[in-house]
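See structure below.
The values are calculated or read from the model by the stated rules, or taken from the named source; none is laboratory data. Because the structure is a prediction, the values reported are computed rather than measured. Here the Cβ is made from the backbone with ideal geometry for all residues, glycine too, and neighbour counts use every protein chain on show. Only protein heavy atoms, including side chains, enter the accessible area calculation; ligands, DNA and RNA are left aside. Shrake-Rupley method; radii C 1.70, N 1.55, O 1.52, S 1.80 Å.
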Amino acid sequence: MRIVDNIAINLDRRPPDDTGTLAEQVFHRLRRQIVEGEIPPGTKISEPELSRTLGISRGPLREAIGRLEAGGLLVRRANVGARVVELSIEQLLEIFLIREALEGMAARLAAERMPQEEIDELRALLEGHRAQVEQDAGRAYFQKEGDLDFHYRIVQGSRNDRLIQILCDDLYHLVRMYRFQFGMASPRARRGLQEHVHIVDAIAEHDPEMAELFMRRHVRASRRNVENLLRA
């Protein structure tokens, strides 16, 4: 099994600062490989084969697989087992509609709750993004995972645990999976960056209504752009 061999190689080459339980290590690596397409959509995940190839017991592996199912990256069907989720345009657009509402609320709350230090960090983050966009001549605007992702930071700044769980755990990696699968080049790179600047300006001015409005408009414009690209 080629997929299993790849997983084994990546686990053996984990960086020295990778901490956590064995189940967490396996979970993070399987998630990254699924999101980035190294384990393609529709691939069957065999617990016995993975357990044997990785040299780990079924317990930690089953825990990791369970977390991937909970995050929507794996689906389990009777008499079929667990497989990597297969994506569709319709599912992606549904997620964008959810993001528009919830990330708008997150921006509103961030305008009320985000401290100045984090706002300054957001501005510095966008300067780094600006350099990357210009380096790519405005053809792409790809953000790295977690704290290097603008939307992720806004949601964290909402200080709302339920929003953070939904957007940063349940939906976040599905969205990144779509981006990797369908490509991340976009004619909206420079415009999207400027929309991010407007959102931060509203948060810095502690204007929750404007922050929510700008965020909703931004996510809506991204959805329309993705819809046009995928249906072309």
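Ignoring ligands, DNA and RNA, please state the percent of accessible area on the stretch 10-130 from carbon and sulfur, probe 1.4 Å.
For the stretch 10-130, the apolar C and S fraction of the accessible surface comes to 49 percent.
Just add up the charged neighbours of R83: K/R +1, D/E -1, any other residue whose Cβ is under 11 Å from the Cβ of R83.
+1
Counting only protein heavy atoms, what percent of the accessible surface of the stretch 171-232 is carbon or sulfur at a 1.4 Å probe?
51
Report the label-to-label distance for T21 and R52 in nanometres (one decimal), using points 7 Å from each Cα along the Cα→Cβ vector.
Rounded to a tenth, the inter-label distance reads 2.6 nm.
With r as the distance between the Cβ atoms of A78 and R220 and R0 = 41 Å, compute the FRET efficiency 1/(1 + (r/R0)^6) and round to 0.05.
Efficiency, rounded to the nearest 0.05: 0.60.
Dipole magnitude of the stretch 23-141 about its Cα centre, charges +1 at Lys/Arg Cβ and -1 at Asp/Glu Cβ only, in debye to the nearest 20?
Using Cβ point charges on Lys, Arg, Asp and Glu, the stretch 23-141 gives about 720 debye.
Give me the net charge for the shell around D207: Cβ to Cβ below 12 angstrom, other residues only, Lys and Arg +1, Asp and Glu -1.
Here the count lands on -4.
What is the stretch 39-119 by shape, rounded, prolate or oblate, if you read a ≥ b ≥ c off the alpha carbon gyration tensor as root eigenvalues and call it rounded for a/c under 1.5, prolate for a/b larger than b/c, and oblate otherwise?
oblate
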